[in-house]
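Reviewing the structure listed below.
The values are calculated or read from the model by the stated rules, or taken from the named source; none is laboratory data. Everything numeric here is computed off the predicted structure, so don't read it as measured data. Don't worry about glycine lacking a Cβ; one is built from the backbone with ideal geometry, like all the others, and counts go over all protein chains shown. Note: accessible area is taken over every heavy atom of the protein model, side chains too, but ligands, DNA and RNA are not part of it. Shrake-Rupley method; radii C 1.70, N 1.55, O 1.52, S 1.80 Å.
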Amino acid sequence: TTITITGDATVGAIFTEDEYTLTFNTTGSGNIQATPAGPYSYNQTVSIEAQPSPGWSFSDWSGGLAGSPNPTTITITGDATVGASFTEEEYTLTLTNVGSGTSSASPTGPYGYNDAITLTATPDAGNSFTGWTDDFTSTDNPATFNITGNSSVQANFAEDEYTLTFNTTGSGNIQATPAGPYTYNQT
C-alpha cells in the first residue's frame, strides 16, 4: 500500500498470529493424543502420546517425529504430520492334560488379541472329560476361548466308574473281588 503524506497522519496495521495444524497418521491399531488440542501457534510445544489399542504395542514415530520415546513433544514451526506405528502383540497358548485324554486348539498359534480359539478335549476309552481350568473355565466341549494374553489351559479327565449288578435264580449269592465300582478294562 502507498500513502501520500499531506500532513500529520496515523497509520495502523493489524497483525494476526498464524495458526498451524498437526495431522496424525497411524499404522496398526491405536491413536495419537496431543495436548493441548490445536490449532497451534509458531514455536508452541505440544505433548504427543501414542496410545495402542488392546493387544497392540507402540513401535515408533514417523513424519515430524523420529525414534520411539513415548510420550514425547514436538515444537510447532508450521503445519506438520506425525505418524505412529503400532505392532500387534502375539500370544501363546499352552495346553496341558490331567487324566487320560488329549486336547487340541484350532487354529494353532501364535494368536492376536481376542482371537477366538476352539478347544477340543478327547478322553481315552473309559474316561470322561470333566472341564477346562487355569486361564479358562468351562465344561463345554468343544469350547471357544478368546485369548487376551499368554495363556495356559488345562483339560481335565476322570476315569469312568461302572457298577456290576448280580442276579441270581434260586438260593445263593454272588461275591465279586474286588468290590466295585469298577474302571474301564478292570479285571
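List the pairs whose first member sits in region 109-132 and is farther than 30 Å from P52 by Cβ, whose second member is in a loop (DSSP other than H, G, I, E, B) and open to solvent by less than 40 Å² (accessible area, probe 1.4 Å), and whose Cβ atoms are under 6 Å apart, counting only residues at least 6 apart or on separate chains? Between residues of region 109-132 that are farther than 30 Å from P52 by Cβ and residues that are in a loop (DSSP other than H, G, I, E, B) and open to solvent by less than 40 Å² (accessible area, probe 1.4 Å), the close pairs are G126/D160; S128/D160. Residues in region 1-23: is at least one at pLDDT 90 or above, farther than 14 Å from T77 by Cα, assigned to a strand (DSSP E or B) and of a type outside the set (A, V, I, L, M)? No, because not a single residue in region 1-23 is at pLDDT 90 or above, farther than 14 Å from T77 by Cα, assigned to a strand (DSSP E or B) and of a type outside the set (A, V, I, L, M).
Restricting the first member to region 30-55 and to residues that are touching a residue at least 40 places away in the same chain (Cβ under 8 Å) and part of a strand (DSSP E or B), and the second to residues that are of a type in the set (D, E, K, R) and surrounded by 12 or more Cβ atoms within 10 Å (Cβ to Cβ), the beta-carbon pairs closer than 8 Å and six or more apart or on different chains are I32/E49. Residues of region 80-108 that are within 27 Å of N31 (Cα to Cα), open to solvent by 40 Å² or more (accessible area, probe 1.4 Å) and within 23 Å of the chain's Cα centre (by Cα): T87, E88, E89, E90, T92. Figure legend. Inter-residue proximity from region 133-148: first residues over 11 Å from T120 (Cβ atoms), second residues open to solvent by 90 Å² or more (accessible area, probe 1.4 Å) and of a type in the set (S, T, N, Q), beta-carbon distance below 8 Å, spacing 6+ or different chains. No pairs are indicated. Taken over region 121-160, residues that are more than 17 Å from T94 (Cα to Cα), open to solvent by 70 Å² or more (accessible area, probe 1.4 Å) and assigned to a loop (DSSP other than H, G, I, E, B) amount to 3. Among the residues making up region 7-62, those that are loosely packed, with under 10 Cβ neighbours inside 10 Å and of a type in the set (G, A, S) are G7, A9, G12, A13, A37. Quick one: would you say N167 is loosely packed, with under 15 Cβ neighbours inside 10 Å, at pLDDT 75 or above and either in a strand (DSSP E or B) or not acidic (D, E) (or both)? Yes, satisfied.
Can you pull out every residue in region 9-29 that is free of Cβ contacts under 8 Å to residues at least 60 places away in the same chain and either under 27 Å from Y113 (Cβ atoms) or basic (K, R) (or both)?
Of region 9-29, the ones free of Cβ contacts under 8 Å to residues at least 60 places away in the same chain are 9-19, 21, 23, 25, 27, 29.
N25, T27, S29, listed by residue number.
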